[in-house]
């Protein structure tokens, strides 16, 4: 008996270092038990009602638009099909029924199968995947399509097929795939505006991108005639010039690739992915420094700014000249800044985004009505297309840094937002060299920051005004009103679907529809203290996330409501309520979407004796007896841990692996 016991001890000691090295062994997670009995506030009831209502609405949507295998009934561009279900894994990890994760997984696999043609050289526009990844596309649209893939790891990071895909997709940009040399490791650049599983393109559609105002040929072509595309000879000439100036360059939207590579790191922990992200972001920060502080929008094959434009730094695809350039560039810069900071914990990477926000704010003008406008475009005559500043990227910057100087940028901007911005300028299909000089901003409807939360998940972050003013103590009704707004939008979309006369087979050809009724913006913001995820390939930026320990799954337990009601640099406060009158609920709080933060101590302000409990971990357990609630004040160290999709070890060993 004694020898057997000693053998067991020896085996345990041998295994111990490995378990600690992987961060999987913890004998006990610090725990706090609620004791306060309170009637639930209205926001808590609305939060749980919204989850339930969207579960039912999602059933209707699923039955209407998919086959039993998860593939969509009609066809469309690959990115638009993935977008139909992009936030369903997030819905599950908030606390929705497990069928939403299972369906998201089925949809991803079904759409991937249907859009990967059996014939590798298929020219069908809708079949643009090869080896399960886009053949050639710009990274703005690749990122839209990849968001569903990224989010699946939030619901289950232990699916071997998905980890293999993440490695295979990342290899396309780490110079590891001989047939797809998208990246130049010597000059640290992506070799084209269009890349993918078949490598960088050397020619792309000049007519579309020039006529729709996405790029310029200046200064090589100083005055492009409106009807150039109607003369075959001239069209061929312009196409050649376009490819030499535009197609073979690296552009800021390629910074969206950092999301793809960071995703691979979060799944695998492989150091080469971190190295690539930091190397590529460093290269772009170097371009900014060389260009007088403003990001250039075209880098030639030898790493020179404006290499094919006589040194001109603007005019590239989706750049400063482009009609959506600010939207696209800044989305990619936000993703890149956040990913580099997450992986390095080095605040210098936030300067990538911060410096470019200051470029816009430094050129702001104030109209006679008191509206602050910043330039969205640049052409041969200078800066133009003055519009209200978007808060999306400022909100993401402040959420990452929590610095007073970044908060001041938001506070200074808010008084200048007196009217709503106009819709996108210009007329589709016209030659933008002609009409843009006549643009003039006209004030629209009054903008009330505390009410700007009625749009859905794919907005430009306009609801961030109301959320940050809530944390500042100036908008106390925000949690309830935000949840109500998403409830109203869900009902509007359902009404539209019920009354839509079009055949199902025609609907997906319109990329503005079908309208996914699962709208989780307010649910994410209220429960996790996160800014709205950047739709174009962003990763979740949650301050907190939750795991249901009784059911061994991610998300809030049934009947539990959560509200992050305070965010500071070293503190977070969150209210948790168990609405069930009979049954207890047990959950684990994780510090950060990827365990990147540390909870130092926790205090329940509802307790009779609110004494801090030492935690010093990325995890913390809360037990909620029937009808109880806690108001936790968490002392935290932000960005203090290596990030990972991995679940808490006690959950990982029990969570049911999805088929």
So what's the gap between the Cα centers of the range 493-568 and the range 604-645, to the nearest angstrom?
-> 25
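Applying 1/(1 + (r/R0)^6) with R0 = 25 Å to the Cβ-Cβ distance of residue 275 and residue 132, what FRET efficiency is obtained, to the nearest 0.05? Each step should come with its number before you reach the end.
Details: r = 25 Å, r/R0 = 0.99.
Plugging the Cβ-Cβ distance into 1/(1 + (r/R0)^6) gives 0.50.
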Expressed as a whole-number percentage, the relative contact order of the range 530-648 with C-alpha contacts under 8 angstrom and at least six residues apart is 27
Residue 348/residue 35 FRET efficiency (R0 45 Å; Cβ-Cβ; nearest 0.05) = 0.50
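Tell me, what is the percent relative contact order of the chain, built from C-alpha pairs under 8 Å that lie six or more residues apart? All intermediate terms of the calculation are to be shown ahead of the outcome.
Details: 1271 pairs, mean separation 109.4, N = 659.
Contact order relative to length: 17 percent.
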Quick one: 66, 72, fewest Cβ neighbours within 10 Å first, how do they rank?
-> 66, 72
How much length is gained on full extension from residue 402 to residue 502, taking 0.36 nm per residue of separation minus their Cα-Cα distance?
-> 31.2 nm
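How would 60, 639 line up from fewest to most surrounding beta-carbon atoms within 10 angstrom?
Numbers: 60 13, 639 18.
Least crowded to most crowded, the residues run 60, 639.
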Over the range 80-184, what relative contact order in percent results from Cα pairs under 8 Å that are six or more residues apart?
-> 30
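Using 0.36 nm per residue of separation minus the Cα-Cα distance, give me the extension gain between residue 222 and residue 207 in nm, one decimal. Write down the numbers at each step before the final one.
Working: separation 15, 0.36 × 15 = 5.40 nm, distance 1.66 nm.
Once the chain is fully extended between residue 222 and residue 207, it gains 3.7 nm.
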Most exposed first by the Cβ proxy, i.e. fewest other Cβ within 10 Å, how do 31, 74 rank?
-> 31, 74
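I'd like the antiparallel share, as a percent to the nearest 5, of DSSP beta bridges with both residues in the chain.
Values: 54 of 57 bridges.
If I count the DSSP bridges inside the chain, around 95 percent turn out antiparallel.
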Extension reserve of the residue 301-residue 233 stretch, reckoned as 0.36 nm per residue once the Cα distance is removed | 21.7 nm
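Read-outs throughout are calculated quantities, based only on the coordinates presented, and are distinct from any laboratory measurement. No experiment lies behind these values; they were computed from the predicted model shown. Heads up, the Cβs are rebuilt from the backbone with ideal geometry, glycines too, and the neighbour counts pull from every protein chain shown.
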